Amino acid sequence: MSKLFMFEKPLGMRDTFPNLYEAKHTLKKIMEQTVNGWGYRFIETPTLEYYETVGEASAILDQQLFKLLDQQGHTLVLRPDMTAPIARVAASKLLKDERPLRLAYTANVFRAQQREGGRPAEFEQVGIECIGDASVSADGEVIALMVSVLRETGLNNFKISIGHIGFVQALFKQILGTEDRANVLRRFLYEKNYVGYRRHIENLSLSSIDKKRLLSFLTLRGEEASLEEAFPLLEGNEDGRKALAQLQELWAILCDYGIEDFVKFDLSLVSHMNYYSGILFEVYADNVGYAIGNGGRYNKLLEKFGKEAGATGFALRLDYMLEALGTLSSESDLECVLFSAERRKEAIDMASSLREKGKKVVLQDWKGIDDVDDFSKRFNDVHYFIGRSQRQVDEDA
């Protein structure tokens, strides 16, 4: 192993500089206030969890987990997502007293990168979980809340793609027969590799009718009409029909919220999160080539912690949100009080007065900088206290 350079960071880890930190802080505040307004309460969970509980319950691949040992020899993980830790807390404590639970979080999660590809191994999410409500109304509420959060941040050019994992599973099981064969096709869908998907189907030992059903499946996108087009592909499959009926009910709910212009159906939508069990969705924004957030229903996850409860939620990535918003500004809202030693008291009083008015103020001795003019360009306003104090002038007079 080669010796690390002094300034190297672990693979996928990033520093957050002041401008970015401030932009994230502002964005989080807006998002938190919106979530609070819908009755969701914030929760914190440990950064470290046991591998045998949260680590295994999480839908994140094992090779993406950061693992370490505690002093007792137990394997720990840095939390790879927030849904599994919150499911642990809900099942062990909160569901005893309250249903449904409306919980929210802002937290860093950790997913190891195998090679440097520009992807962070640590990133921050803002998300919510609605636990203990298995109704489609809860799915509608979660999506409507996500729309509200996005719009409150100033983001308006976005689209939410909605699918149903139950529909995909029902169709693939009916046509392909085995889970292994279905998993191959799901992988193509998750990677958005539609060329590979089509080529794979052409090489399968299926009837021309079944191949056509699998190929037609890719075109099921758009508004409610796309759901009607999906029913004939199922050939009476009851599980698939139930999934489509839930999506039709969801559409009516989203129309009642008045957010139908922000959503579309994509019945080929799948996720690498294997705990999703029903309606699922991803949100895309202009100028960002990947989903800035995702969510869905995960009714089976709570069972891993000994409870049965319907649950749904979403998570938005702050770094992708900032990229979509383009909110990083070079303009400073800082003011500076620049002083020389003989006028230090005046400068301190002036800085205190400005801070009491809500201003952000830097107090700087002019001897501590090399170039006053260059230094002053960093600030929105500069107040100078340099030179002889009034007391000295009066004494000389």
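Apolar share of the accessible surface for region 17-173: 47 percent from carbon plus sulfur atoms, 1.4 Å probe.
In terms of its C-alpha gyration tensor, region 179-309 has a rounded overall shape, because the principal axis ratio a/c (a ≥ b ≥ c, square roots of the eigenvalues) stays below 1.5. Ordering 144-151, 8-15, 336-343 by mean Cβ neighbour count within 10 Å, with the highest value first, yields 144-151, 336-343, 8-15. Distance from the alpha carbon centroid of region 249-281 to that of region 28-77 works out to 25 angstrom.
For Ile386 and Asp15, what is the calculated FRET efficiency with R₀ set at 35 Å and r taken between the beta-carbons, to the nearest 0.05?
Once the sixth-power term is evaluated, E becomes 0.50.
From the square roots a ≥ b ≥ c of the eigenvalues of the alpha-carbon gyration tensor of region 89-162, which class results: rounded (a/c under 1.5), prolate (a/b over b/c), or oblate? The shape class here is oblate. Taking the DSSP beta bridges with both ends in the chain, the antiparallel portion is around 70 percent. Seen against the Cα atoms of the chain and their longest principal axis, helix 179-190 is set at about 40 degrees. Modelled spin labels at Lys212 and Val195, positioned 7 Å past Cα toward Cβ, are 2.7 nm from each other. Packing order of peptides 46-58, 353-365, 164-176, highest average first: 164-176, 46-58, 353-365 (average count of other Cβ atoms within 10 Å over each peptide's residues). Label-to-label distance, Thr75 versus Glu303, with points set 7 angstrom from Cα along the beta-carbon direction: 2.4 nm. Surface composition of region 252-393: carbon plus sulfur atoms contribute 45% of the solvent-accessible area (1.4 Å probe, protein chains only, all chains present). Solvent-accessible surface of the chain, averaged per residue with a 1.4 angstrom probe and all protein chains in place: 54 square angstrom.
Computed about the Cα centre, the dipole magnitude for region 9-80 is approximately 360 debye when only Lys and Arg (+1) and Asp and Glu (-1) carry charge, each at its Cβ. Legend: calculated FRET efficiency, Cys255 to Glu152, from the Cβ-Cβ distance at R0 = 25 Å, rounded to 0.05, equals 0.75.
The values are calculated or read from the model by the stated rules, or taken from the named source; none is laboratory data. The model shown is predicted, which means the values in this text are computed figures rather than measured ones. Cβ coordinates were reconstructed from backbone atoms using ideal geometry, including for glycine residues, and neighbour counts include every protein chain displayed. Side chains are part of the model used for accessible areas, which takes the heavy atoms of the whole protein and leaves out ligands, DNA and RNA. Shrake-Rupley method; radii C 1.70, N 1.55, O 1.52, S 1.80 Å.
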